[in-house]
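Trainee: Got a structure here, written out as structure tokens. Questions coming.
Just so it is clear, none of the values below were taken in a lab; they were calculated from the coordinates. Here the structure is a predicted model, which means the values were calculated and not measured. Cβ sites come from the backbone with ideal geometry, for glycine too, and all protein chains shown count toward neighbours.
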Amino acid sequence: MNAPTWTKTRLLLVLGMLLTAWSLWGLPPGESLDTAKIEQITALKGTMNQEEGVFKVTSPRTDVPVSVDGWSMPPFMGLTSWAAFQGGKKSEAMVMGDLVLFEDEVNPVLSALLDGGISVTALHNHFFFDQPRVLFMHIGADGSLETLARGVRKAFDKVKEIRSASSTPSRTFGGQAVPATSSIPAKDIEDILGSKGQGKDGMFKAVMGRSVTMPCGCAAGKEMGINTWAAFAGTAETAVVDGDFVMFEGELQVVLKALRRSGINVVAIHNHMEGESPKAIFLHYWGKGAAQDLARGVRSALDAQAAASKTSLPK
């Protein structure tokens with residue numbers, strides 16, 4: 001007896017879907033990436049690695065001469081910014097990359113990336129005795145291909161904007177000079193941070209601890225270096241703050257965004273330990289301005305971190 005028509009129709013639909021899935025499954029890796037769109041949006045030429053399914057765009061830093069250990073360094077030896085795209089699993093695509101930046105480019109580019117939906121995952125040096133100093137910013141994100149490409153483009157456009165305004169990298173953050181003699185209003189800072197601190201010679205420092213478990217099974221806390229701290233010098237009107245944030249999974253991006261919204265500069269993102277649980281990442285920062293404004297900026301990052309930790313840390 002022939003199967004009912006509706007059953008045949010269903011069988012044909014299922015067969016068609018299986019054949020489509022099979023054909024897509026058999027595509028060479030990366031063939032589904034719209035590489036022309038990536039090049040068009042980023043304004044950078046790229047190359048495809050068919051074996052890995054990765055399309056990488058690059059931009060060598062030929063605009064500013066760099067010397068390392070007294071040697072004039074060609075971009076080929078490690079001064080090329082890049083962003084690599086591949087097809088995603090949960091999203092259309094993912095991107096990872098490493099941007100070669102000078103000191104006055106780091107924080108404007110960081111803000112541009114965050115605004116463009118790209119995460120910043122590390123910031124550090126690769127060399128000693130480099131002139132001018134070079135920093136490397138590692139990035140990553142997943143989402144629509146167009147969003148990722150536009151986020152990367154924002155970073156490269158910001159670099160061009162800064163270098164067009166001044167071909168020579170700046171050697172300071174600018175702003176008013178911080179007085180040599182400090183008179184920080186410690187009580188005001190404590191009230192804003194919600195944390196007691198210590199004073200010395202008119203300066204003020206607050207330290208807030210967290211805890212991790214090391215591979216030996218030992219607990220490590222505040223005095224072992226698992227801490228966030230903020231140190232203030234100068235006066236109420238003209239001050240500087242520097243410090244360190246310790247962050248766990250899911251906290252880095254919100255802290256970065258809060259600090260940058262407050263005009264506080266990020267100067268390093270890296271790990272301090274190996275094998276700890278939960279995994280910790282550390283962020284170092286520097287800001288200049290009125291002391292209370294700087295304290296509010298740090299507090300905004302602490303609040304954002306606290307909110308993120310409620311949803312990101314395992315229960």
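Trainee: For a distance above 26 Å, tell me the whole-number percent of Cα pairs in region 186-312 that qualify.
Mentor: Here the long-distance tail beyond 26 Å is 19 percent of all Cα pairs in region 186-312.
Trainee: So what's the gap between the Cα centers of region 92-112 and region 211-276, to the nearest angstrom?
Mentor: Taking the Cα centre of each part, region 92-112 and region 211-276 sit 20 Å apart.
Trainee: Once you put a point 7 Å from the Cα of PHE129 and another 7 Å from the Cα of ASP191, both along the Cβ direction, what distance in nm separates them?
Mentor: Between PHE129 and ASP191, the label points sit 5.2 nm apart.
Trainee: List the aspartates and glutamates whose alpha-carbon lies under 17 Å from that of LYS158, not counting same-chain residues fewer than 8 positions away?
Mentor: ASP63, ASP98, GLU103, ASP104, GLU105, ASP115
Trainee: Residues in region 255-275, backbone N under 20 Å from the label point at ARG210 (7 Å along the Cα-to-beta-carbon vector): list them, ranges by number please.
Mentor: Residues passing the 20 Å test: 255-262, 264-275.
Trainee: What is the distance, in nm, between label points placed 7 Å from the Cα along the Cα-to-Cβ direction at SER67 and at LYS89?
Mentor: With each label point 7 Å from Cα toward Cβ, the separation is 4.9 nm.
Trainee: Could you tell me which label, among [x] 170; [y] 140; [z] 209, carries the value of volume of the Cα convex hull per residue in Å³ calculated for this structure?
Mentor: For volume of the Cα convex hull per residue in Å³, the calculated option is [z].
Trainee: Next question. Go through LYS200/LYS257; LYS89/LYS160; LYS196/LYS257; LYS37/LYS89 and tell me which ones have a Cα-Cα distance over 27 Å in this structure. Don't skip to the answer; put the middle values down first.
Mentor: Values: LYS200/LYS257 31 Å; LYS89/LYS160 33 Å; LYS196/LYS257 25 Å; LYS37/LYS89 20 Å.
Beyond 27 Å between Cα atoms: LYS200/LYS257; LYS89/LYS160.
Trainee: A follow-up question, please. Just the number, please: Stokes-Einstein D of region 38-142 in µm²/s, Kirkwood Rh from C-alpha pairs, 25 °C, 0.890 mPa s. Please report the intermediate quantities before stating the final value.
Mentor: On the way: Rh = 14.8 Å.
In µm²/s, the coefficient rounds to 166.
Trainee: Moving to a separate point now. How large is ³J(HN,Hα) for each residue in region 276-292, as worked out from phi by the Karplus curve 6.51 cos²θ - 1.76 cosθ + 1.60 (θ = phi - 60°), to whole Hz, x for Gly and Pro?
Mentor: These are the phi-based 3J(HN,Hα) values: 6, 9, x, 4, 10, 10, 10, 10, 9, 9, 8, x, 10, x, 5, 4, 5 Hz.
Trainee: What chymotrypsin sites (Phe, Trp or Tyr not before Pro) in region 98-184 are in a loop by DSSP, with at most 12 other Cβ atoms within 10 Å of the Cβ?
Mentor: Details: sites: PHE102, PHE127, PHE128, PHE129, PHE136, PHE156, PHE173; in loops: PHE127, PHE128, PHE129, PHE173.
Within region 98-184, the qualifying chymotrypsin sites (Phe, Trp or Tyr not before Pro) (loop, at most 12 other Cβ atoms within 10 Å) are PHE128, PHE129.
Trainee: Given R₀ = 51 Å, FRET efficiency for THR80-ALA306 by Cβ-Cβ distance, to 0.05? Working shown, then result.
Mentor: Values: r = 39 Å, r/R0 = 0.76.
Given R0 = 51 Å and the Cβ-Cβ separation, E is 0.85.
Trainee: Just order 196-202, 32-38 by mean Cβ neighbour count inside 10 Å, highest at the front, would you? Before the final figure, lay out each step's value.
Mentor: Values: 196-202: 12.9, 32-38: 16.1.
So the peptides 196-202, 32-38, ranked by packing, come out 32-38, 196-202.
Trainee: Counting Lys and Arg as +1 and Asp and Glu as -1, what is the net charge of the other residues whose Cβ lies under 11 Å from the Cβ of PRO75?
Mentor: Numbers: positive: ARG61; negative: ASP63.
Every neighbour counted, the sum reads 0.
Trainee: Next question. Cα to Cα, under 12 Å, and not fewer than 8 places away if on the same chain: which aspartates and glutamates meet these conditions relative to LYS279?
Mentor: The qualifying aspartates and glutamates are GLU249, GLU251.
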